[in-house]
1. It is to be established whether one or more residues within the stretch 99-115 are within 23 Å of L207 (Cβ to Cβ), surrounded by fewer than 17 Cβ atoms within 10 Å (Cβ to Cβ) and modelled with pLDDT of 55 or more.
2. Among the residues of the stretch 396-442, what is the count of those that are part of a helix (DSSP H, G or I) and either of a type outside the set (S, T, N, Q) or surrounded by fewer than 20 Cβ atoms within 10 Å (Cβ to Cβ) (or both)?
3. For the stretch 441-456, does any single residue satisfy the condition of being charged (D, E, K, R) and in contact with a strand residue (DSSP E or B) (Cβ under 8 Å, 6 or more places away or on another chain)?
Amino acid sequence: MNEIDELTRFRDAVPVSVTPRAEQLFRAGLREEPFPSRRMVLRPRPRKRLTRIPLPWRLGLAVGTAAALAAGILVAVLPSAAPPVLTARLLADRASAAALARPAVNPGQWVYRLIETGLPPGTKGGLRTSIQPSWETADGEVGYGPINFSVYPFDDLPSYSQLGSLPTSPAALDAYLASLVPPGESPAPKGVEAFSAINGMLDSYVLPPRLQAELYQALAVIPGIQVDSHVTAIDGQAGVAFKMQLRGEIILNASNYTFLGEALGPGSAETDVVRMAVVGAPGSTRPSHTPPTAVELLAEHADRAVSLYTASDQPPYTLPGTWVMRKLVTSSGAQTVWATADDLEQASYVNGRLQVCSRSAACARSTQWLMPAGPSYAAVNAPPAASGGLPESLSGLRTALNAYQTGCTDSAGDCNAVSALANLTFGYLNLAGPNGDWFLLLASIPGVTVQHVTDVTGQADIAFRFPFTDGTTEILLNARTYRLAGYVRDGAETLITNAVTVSGPGSRRQVAVKPKPGSATVAPHGGVITG
């Protein structure tokens, strides 16, 4: 007998009607748990309603029923001889009880899920499914793995940081969610809008237990909501579902009422969670509720900053031969350096004269290159599966980067990997900027710590500090924006205060970069973009 069945047995003695006192206790139970404090302050994320790809995943941990009973949740049931008819209200109460009985998850906690997507059984054309693993933080802001849509969330949902201020009553919550229509888009009927928003929140976040319980209650009072008590998910799991015309189904596990998946409608694609676990790090499948460390949270901030920067500020195309002007500041003074995006050519003024050097020229030996060593530009920008591309997994990437000789002595302590990664980060200008996963790799280096520092420009920074005696010992991020600021190599600090694309060496005027007709360049995350 599982926990929900045991809870139902306790409820068999409850009268068919719910007393006002029971209702009061239930509402009090929903509001009892304070919204968890957050270590992250997130800005609203750009969202695209019409292109949303459903990616359902939520917490499914078996726990006792004591918390749900203490919250005063009473459900009307018929005598045991006649199973109760599953109404929307009854399903909402059962799902709310299950949600309240589960532990809260830190917003920065990583969650692993195995997602199956395809057409449901009996659909014309047969059962066509695909299964892929993915990892996301509980707040839905950072992703890792083959499928991750954390960069493309939806503007018809409140951000994670706004969840604690949502209305508390079911009707008010529905009304608020129904009002979140993207600018310029015609609203659907209010009930449909609310159903879609609730579905999106269940997809996008690991919600605080109290709020998830409230969302189920809000589903139950949407006009026209229906229940399907016998659903078979595409992976064979037995489910029950809230149904809404024009918006499909929100599917829950039939045994423990955890969020299982969604179907967009008859004959349409369905996505289900085959397996899910709260884990300690991206790439891990081992369950762990250990809260993220300061280093891991810093890596997540930096990863998110890269995604936001890529989406808003970075030119859409950067070809390998594009010239980039960088302004550098060190303890010995300021300097301006020009280099191509692939770092094959570099230029600077020496004694008032602009000197341009290529990697293959004799002057290369005396040039202080921004990128002393590391993988070629083509390898960095190639899809992982391509020949010569960097490995996709964090462990494989660390091994590959450690193979480069960067001049540091602590080769057994990952100093080559850190220095190579610093070279890539500051020596190349990639199509979409640094890969956010690189910061997750930095957080996995043994002995790395987080330090708050003031750099040579007087700016407040946060540093990844590594336990090496030479090579790259620090990578600096702006303490406010979490964007890359600079590095410490062999004891010398270098800050990059500006980096813009220009027309050529010696130019200081920023220009937009556009590909030539028919040209192509490769994105650092894989895939070819043509112009």
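The values are calculated or read from the model by the stated rules, or taken from the named source; none is laboratory data. Being a predicted model, the structure only gives us computed values, none of them experimental. No Cβ is skipped: glycine too gets one built from the backbone with ideal geometry, and neighbour counts run over all protein chains shown.
1. yes
2. Total meeting the criteria: 25.
3. Within the stretch 441-456, one or more residues are charged (D, E, K, R) and in contact with a strand residue (DSSP E or B) (Cβ under 8 Å, 6 or more places away or on another chain).
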